[in-house]
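Peer 1: Shown below is the structure under consideration.
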Amino acid sequence: MKDRTLLMIPGPIEFEPAVLAAMGAPTTSHVAPDFIEIFGQALEKTRKVFLSDDGQPFVLAGSGTLAMDTAVANVIEPGNRALVVNTGYFSDRMATILERYGAQVTHVKAPVGGRPSIEEVEAALKQHQFKVMTITHVDTSTAVITDVKALAQLAQRYGALSLVDGVCSIAGEELRMSEWGVDVALTASQKAISVPPGLALVVVSPRAMQAFKQRKTPVMSYYSDWANWLPIMEAYEARKPSYFGTPAVNLIFALNVSLDQILKEGLEARCKRHHALGAAVQAALKALELDQVPIKDEFAAHTLSAPRYPKGVTQADLLPKVQRAGATLAGGLHPAIRTEYFRIGHMGPTNSGDVLATLGAIETALKQCGYAFTSGVGVAAAQAAYQQALA
Ligand code: PMP
């Protein structure tokens with residue numbers, strides 16, 4: 001495919017041919033026995049991918065923002081307090097949604113590229129009784145990863161439900177819902193789940209479901225209300241027909257194929273591969289002497305990287321040149337530094353060849369921009385780091 005450009009943004013990404021083929025299958029009725037079986041299987045596999053023993057999965061037609069919306073709408077009642085562990089643009093979005101549903105929001109913030117320390121979060125938890133604490137596992141605007149395990153355990157200790165935005169992490173970064181005591185975890189199809197955009201996936205712990213069932217006020221979003229969707233999800237898992245809103249039939253076909261692939265690879269192996277991809281890209285950026293948005297190595301996610309432009313190079317200079325050299329990348333997103341950095345997604349089916357091709361395209365474009373470095377230094381560093389990470 002000589003005109004092919006690699007799609008290396010932080011979602012949507014390159015998808016597997018078998019997943020795309022499932023999208024093109026003849027659409028069935030949403031109550032056809034074959035579809036009921038596939039949706040039932042997809043829900044069971046969703047629970048496995050989230051490493052939840054007893055969570056309730058919801059798979060809805062919509063993007064990651066719908067996943068956030070349904071989580072907040074069902075967990076929050078007006079006047080509840082919410083603590084937002086804020087690592088960027090998507091943590092801000094979570095706060096906006098929380099406020100829309102009437103929560104009183106407290107932020108624990110860090111400078112751009114940083115993350116609040118566990119001690120800072122604990123100090124905030126001591127101030128008030130929070131109903132929920134939200135965590136962005138990987139904030140796609142900063143490429144900062146948070147320590148969900150430690151944060152979720154802290155939330156539990158202080159009697160708050162933990163709600164994790166795993167849109168840029170789940171099925172790429174380690175997230176053990178049951179073991180870590182995460183109460184609500186959510187993602188969207190177009191990232192490491194590796195299905196074209198259009199599905200919102202949410203898994204809810206028994207504790208959070210209990211809190212939902214004890215609500216005193218109605219859920220203020222009709223579409224998002226779990227009271228409408230719970231019987232539907234339960235019916236599909238029981239292999240029975242049901243209807244509330246028409247499911248995205250072909251996306252569910254594709255999801256079932258992709259979840260199979262994820263479970264076949266194995267979550268541990270998959271996270272290790274993502275670590276190696278992240279290590280490769282970030283080693284290349286260091287070799288090319290490009291700074292990164294995360295201010296410490298241990299804050300850097302493995303599903304995407306966020307390099308800063310070298311002095312004198314702008315987005316308008318660099319990204320079209322990278323595109324012509326074969327890879328589509330994304331510009332900056334965090335409002336405070338939007339023009340200062342770009343983003344490279346490396347998740348899902350992305351392999352070391354894709355990463356090396358992308359780094360080659362970045363080197364070509366940097367040369368064309370007049371940036372001085374030894375050709376091949378980034379690619380060589382990536383190869384070495386990838387091998388070392390997998391050894
Ligand atoms: N949270 C995070 C961490 C994200 O990266 C995104 C999408 N980039 C969203 C939420 C929102 O998802 P969507 O664009 O699918 O609505």
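Peer 1: For n ≥ 4 DSSP H runs only, could you compute -39500 (n - 2.57) per run for the chain, divide by its residues and tell me the 222 nm figure to the nearest 500?
Peer 2: Computed mean residue ellipticity for the chain: -13500 deg cm²/dmol.
Peer 1: Starting from the residue with the highest accessible area, list 364, 146 in decreasing order, probe 1.4 Å.
Peer 2: 364, 146
Peer 1: With the cut-off at 40 Å, report for the chain the share of all Cα pairs above it, as a whole percent.
Peer 2: Taking all Cα-Cα pairs of the chain, the fraction more than 40 Å apart is 15 percent.
Peer 1: What share of the DSSP beta bridges in segment 40-194 is antiparallel, in percent to the nearest 5?
Peer 2: For segment 40-194, the DSSP antiparallel bridge percentage is about 10.
Peer 1: Give me the net charge of residue 330's neighbourhood, meaning all other residues with Cβ under 13 Å from the Cβ of residue 330; Lys, Arg count +1, Asp, Glu -1.
Peer 2: Around residue 330, the surrounding residues sum to +3.
Peer 1: Among 198, 124, 17, pick out the residue whose Cα is farthest towards the positive end of the charge dipole of the chain, where Lys and Arg carry +1 and Asp and Glu carry -1 on C-beta, about the Cα centre.
Peer 2: 124
Peer 1: Calculate what fraction, in whole %, of the accessible area of segment 282-391 sits on carbon and sulfur atoms when a 1.4 Å probe is rolled over the protein chains.
Peer 2: 50 percent
Peer 1: Another one. Using the per-residue mean of other Cβ atoms lying within 10 Å as a proxy for protection, in what order, highest first, do the peptides 332-343, 284-295 fall?
Peer 2: The densest-packed peptide leads the list: 284-295, 332-343.
Peer 1: Could you sort 262-268, 153-159, 112-118, 272-278 so that the peptide with the highest average Cβ count within 10 Å comes first and the rest follow in order?
Peer 2: Result, highest mean first: 272-278, 112-118, 153-159, 262-268.
Peer 1: Does segment 72-151 come out rounded, prolate or oblate, given a ≥ b ≥ c as the square roots of the eigenvalues of its C-alpha gyration tensor, rounded meaning a/c under 1.5 and, failing that, prolate meaning a/b above b/c?
Peer 2: oblate
Peer 1: In segment 64-191, what percent of the accessible surface is made up of carbon and sulfur (1.4 Å probe, ligands and nucleic acids excluded)?
Peer 2: 45 percent
Peer 1: Then there is this: Where the only charges are on Cβ atoms (+1 Lys, Arg; -1 Asp, Glu), what is the dipole of segment 6-96 about its Cα centre, to the nearest 20 debye?
Peer 2: It works out to roughly 200 debye.
Peer 1: Also, I was wondering about something else. Mind checking the per residue accessible area of the chain for me, 1.4 Å probe, whole number of Å²?
Peer 2: 39 Å²
Peer 1: Rounded to the nearest 20 debye, what is the charge dipole size of the chain about its Cα centre when +1 sits on each Lys and Arg Cβ and -1 on each Asp and Glu Cβ?
Peer 2: Using only the charged Cβ atoms, the result is roughly 360 debye.
Peer 1: Under a straight-distance cross-link criterion of Cα-Cα below 30 Å, which lysines are reachable from residue 48, leaving out those fewer than 8 residues away in the same chain?
Peer 2: Here the lysines satisfying the reach criterion relative to residue 48 are 131, 149, 191, 213, 240, 264, 272.
Peer 1: I want the antiparallel fraction of DSSP beta bridges within the chain, as a percent rounded to 5.
Peer 2: The answer is about 50 percent antiparallel.
Peer 1: While we're here: Could you calculate the contour length gain from residue 238 to residue 351, that is, 0.36 nm times the residue separation minus the distance between their Cα atoms, to one decimal place in nm?
Peer 2: That works out to 37.0 nm of additional length.
The values are calculated or read from the model by the stated rules, or taken from the named source; none is laboratory data. This structure is a prediction, so every number in the text was calculated from the model and none was measured. Quick reminder, even Gly has a Cβ in these numbers, built from the backbone with ideal geometry, and neighbours come from all protein chains shown. SASA here: full protein model, heavy atoms, side chains in, ligands and nucleic acids out. Shrake-Rupley method; radii C 1.70, N 1.55, O 1.52, S 1.80 Å.
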